[in-house]
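These notes concern the structure reproduced below.
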Amino acid sequence: MSLTDRFGSVEQVLHRVTDGVISLDRDGGIQYVHGFVARWMGGEDAPDGYTGQCLWDLFPRLHHSRFYEACIQAMASGRTMQFAEFFPQTRRWFEIRLFPDANGLTALVSDVTELRRILYEQEQRYQSLFEHNPDGVFSLDRHGRYAEVNPAALRMTGYTKEEMLGRPFAPFVYPDDLPVARACFERAMAGEPQAFDVRVLSKDGRILHLHATNISAASCATSRSAGAPRRRCGSRRNSTRSDSSRPVSPTRSAIR
């Protein structure tokens, strides 16, 4: 049984695809249009009249879009590309995948407006939980530098956000506890959640006894886009013990 007998014509197959499809020659001439891209260009029947016409001439505003630049780049390099772009004329977000060949390229276009709305709402909820969490919450990049610190962590340690962001966590940890903290960081980065007690140095030299929970950002409910650097998320809760009678110079600990 041939593929045509099994699945029907290429046109029939494409009609089962919910994404939009547009094929261009190397000069931007329209070779084929399908799906909501066809409807966006003027209805189900109108696209046939666009065959052979230059897309960039029909829609001059596209010259200033990422879509135009990516098409030129993809055809020049011969490499597939994938990106998302907001089109003001439609008020929609589209994820676009470009597949170049010797004759031009084919763009597969997916409407991701609703998905982006959901992800935005999730991010807003996460940010609210992060900012208003009564425990100290932070995240570290793959090199162990602070990427985010919530207000509770700042109040706990006495540092400002500017004094922590971009700095490695080691200078903030009591020197005797640093080997454990580093080992837990590495295991959390590998995807193994960690819970441990650690002493942290406040800005005024007090030793804070904290219970820390570390998880990899890859394990968090709110995930980053694929390929983003893995980060360790952590929280620190004050334990019942306090050892404010043993001040340690933060500058000296930073040198260690």
Averaged per residue, what accessible area in Å² does segment 70-121 show with a 1.4 Å probe, protein chains only? 60
So, in nm, how far is label SER65 from label THR80 when the simple model puts each one 7 Å beyond its Cα toward the Cβ? 2.2
Can you list the residues, at least 5 places off or on another chain, whose amide H is less than 5 Å from the amide H of SER216, using H built in the peptide plane? GLY191, CYS233
GLU85: net charge of surrounding residues, Cβ under 9 Å, Lys/Arg +1, Asp/Glu -1, itself excluded? 0
Highest mean packing first, using Cβ neighbours within 10 angstrom, the peptides 70-82, 163-175 sort as 163-175, 70-82
Two-site FRET efficiency, VAL180 against GLU123, from Cβ-Cβ distance with R₀ of 30 Å, rounded to 0.05: 0.40
HN-Hα J in Hz across segment 140-146 - Karplus 6.51, -1.76, 1.60, θ = phi - 60°, x for Gly and Pro: 10, 7, 5, 9, x, 9, 5
Find how much the distance from ARG92 to ARG187 grows on full extension, using 0.36 nm per residue of separation minus their present alpha carbon separation; answer in nm with one decimal. 30.1 nm
Just to confirm, what accessible area per residue do you get for segment 124-188 at 1.4 Å probe, in whole Å²? 50
Of all accessible heavy-atom area on segment 40-199, the percent that carbon and sulfur account for (1.4 Å): 51
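The values are calculated or read from the model by the stated rules, or taken from the named source; none is laboratory data. Quick caveat, the model's predicted, so the values are computed rather than measured. Quick reminder, even Gly has a Cβ in these numbers, built from the backbone with ideal geometry, and neighbours come from all protein chains shown. We work out accessible area using only protein heavy atoms, side chains counted, and drop any ligands, DNA or RNA first. Shrake-Rupley method; radii C 1.70, N 1.55, O 1.52, S 1.80 Å.
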